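Taking it in order: structure first as structure tokens, then the write-up.
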């Protein structure tokens, strides 16, 4: 069995100042961590140990690809028919390196969660019974990168196949129209930025008590309902099974970790 790895959510924009996203704050959406739902005094209420580690000169790669096709039948007069098939594909790759990566983590106590739940802004968002906005996310870990350099490449391709067939003579004509676009960008940032997060999903139980669980993403089950992926320590096979886009990295102790592209 492959070794288990800690998983982190990548921030959608690599320009977030560490003062904006702090341990203990509560966010509404992992895809946009700048959307706060809590009082900013909550981080000061942390009552458990904060673990801090740092690693120098780290790097990694993120890759993502997507493809889809559509087929359409076209009918004409005098026994001539046709079809049109369109295929679209996109691949995206990011290579990053940084001078240092600092990680801060804490495990929230029941007392801290009670204070979070009692916060007016948080309480107004949470609803009992899973109706409406029934969950928020407590930030329990942050990775702060300094001296970050990013090179991103994106390739999009579209192929259109058009085929005409004379049904009487079984003679066909097939044409291909193709287009590919390639784009590369480089970004550097010497200032510290928030690179990735760990969060716990917070919701109210039927008694109105706040409860949390680890969260790294969600997937659709067989009947179309969304199920939270609540285990940070998935192996590679399980991560692929959940359909999580991810890349490899390293913890401060040299162990491998995983970065997840967030889909809330």
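Looking at residue 197, is it surrounded by 15 or more Cβ atoms within 10 Å (Cβ to Cβ), within 19 Å of residue 60 (Cα to Cα) and at pLDDT 70 or above? For residue 197, the condition - surrounded by 15 or more Cβ atoms within 10 Å (Cβ to Cβ), within 19 Å of residue 60 (Cα to Cα) and at pLDDT 70 or above - is met. Any residue at all in the stretch 51-63 that is under 25 Å from residue 190 (Cβ atoms) and modelled with pLDDT of 90 or more? Within the stretch 51-63, one or more residues are under 25 Å from residue 190 (Cβ atoms) and modelled with pLDDT of 90 or more. Within this structure, residue 99 passes the test of being closer than 24 Å to residue 13 by Cβ and modelled with pLDDT of 90 or more. Quick check: anything in the stretch 146-159 at pLDDT below 75, within 26 Å of residue 7 (Cα to Cα), surrounded by 12 or more Cβ atoms within 10 Å (Cβ to Cβ) and in contact with a strand residue (DSSP E or B) (Cβ under 8 Å, 6 or more places away or on another chain)? No.
Scanning for something at positive phi, modelled with pLDDT of 85 or more, out of contact with any helix residue (DSSP H, G or I) (no Cβ under 6 Å at 6 or more places or on another chain) and not in a strand (DSSP E or B), does the stretch 164-172 turn up at least one residue? No, every residue in the stretch 164-172 fails to be at positive phi, modelled with pLDDT of 85 or more, out of contact with any helix residue (DSSP H, G or I) (no Cβ under 6 Å at 6 or more places or on another chain) and not in a strand (DSSP E or B).
The values are calculated or read from the model by the stated rules, or taken from the named source; none is laboratory data. All values reported here derive from a predicted model rather than from experimental measurement. We place every Cβ from the backbone using ideal geometry, glycine too, and count neighbours over all the protein chains shown.
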